[in-house]
Amino acid sequence: MIEFGAKYNVAIIDGEWWRLISSMFLHIGIAHILLNMFALYYIGTLVERIYGGTRFLIIYFIAGIVGGLASFALNPSIAAGGASGAIFGLFGALLFFGSQYPKAFFRTMGWNIIIVIIINIIFGFSMPQIDNGAHIGGLIGGAIGAAVVMFKQRSKILWQTAAFYYFY
């Protein structure tokens with residue numbers, strides 16, 4: 001996996017920063033990629049409907065990069081790959097949506113999303129091979145990404161600027 005671009009701290013420190021992006025597209029086995037694709041299909045279509053296609057991609061990449069940075073900081077000794085940090089970012093985007101529209105969020109999907117996040121984080125802490133740093137970093141990155149791009153119908157320049165500044 002290291003050969004193909006996994007998150008590997010030694011290489012990133014040596015200047016291969018692109019591994020923070022390439023690692024989002026590498027998976028360890030068929031079960032890993034199938035589980036991530038299943039999650040991406042269900043959560044991704046929902047986030048894309050709320051935010052639109054271009055904003056979805058921006059949120060996805062911001063979440064994946066922030067997840068990679070969190071993995072870099074919190075799990076320095078492991079090589080890692082997978083889209084789950086970016087997928088957790090989509091959950092973060094849904095939580096951000098819930099912070100802006102709490103009534104709609106909790107009438108439709110709110111508690112289901114929160115329970116799925118909690119179960120996944122607990123599961124991540126119980127399995128040593130799961131990179132919970134990437135998951136939690138991605139969750140935060142997705143909320144930040146959603147704040148940066150906001151919604152098609154609304155623009156809050158102060159929110160967007162603060163989130164953009166925070167991300168950088």
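The residues listed here are Ala31, Ala6; of these, the one that is loosely packed, with under 14 Cβ neighbours inside 10 Å and of a type in the set (Gly, Ala, Ser) is Ala31.
Residue pairs whose Cβ atoms lie under 6 Å apart, separated by 6 or more positions or on different chains, with the first residue in region 112-129 and without any contact (Cβ under 8 Å) to a residue 40 or more places away in the chain and farther than 19 Å from Leu74 by Cα and the second open to solvent by less than 90 Å² (accessible area, probe 1.4 Å) and assigned to a helix (DSSP H, G or I), are Ile113/Leu94; Ile117/Phe91. Only residues that are assigned to a helix (DSSP H, G or I), out of contact with any His (no Cβ under 6 Å at 6 or more places or on another chain) and buried (at least 17 other Cβ atoms within 10 Å of the Cβ) were counted in region 116-135, giving 6. Scanning region 45-64 for residues that are open to solvent by 40 Å² or more (accessible area, probe 1.4 Å) and within 12 Å of the chain's Cα centre (by Cα) yields Leu57, Ile58, Phe61. Scoring Ala104 on the criteria (1) at pLDDT 90 or above; (2) not in a helix (DSSP H, G or I) leaves a single failure, condition (2).
Taken together, Leu35, Leu74, Leu26, Leu20 contain a single residue that is modelled with pLDDT under 95, in contact with a strand residue (DSSP E or B) (Cβ under 8 Å, 6 or more places away or on another chain) and not polar (S, T, N, Q), which is Leu20. Here the condition is being crowded, with 24+ Cβ neighbours inside 10 Å, assigned to a helix (DSSP H, G or I) and touching a Leu at 6+ places or on another chain (Cβ under 7 Å); of Gly89, Gly67, Gly138, it holds for Gly89 alone.
For region 6-42, which residues satisfy the criterion of being assigned to a loop (DSSP other than H, G, I, E, B) and free of Cβ contacts under 8 Å to residues at least 24 places away in the same chain? Those that are assigned to a loop (DSSP other than H, G, I, E, B) and free of Cβ contacts under 8 Å to residues at least 24 places away in the same chain: Asp14, Gly15, Glu16, Trp17, Trp18, Gly29.
The values are calculated or read from the model by the stated rules, or taken from the named source; none is laboratory data. The structure displayed is predicted, hence computed values, not measured ones. Because the Cβ atoms are built from the backbone with ideal geometry, glycine has one as well, and the counts that use them run over all protein chains shown. Surface accessibility is based on the protein's heavy atoms, side chains included, excluding ligands, DNA and RNA. Shrake-Rupley method; radii C 1.70, N 1.55, O 1.52, S 1.80 Å.
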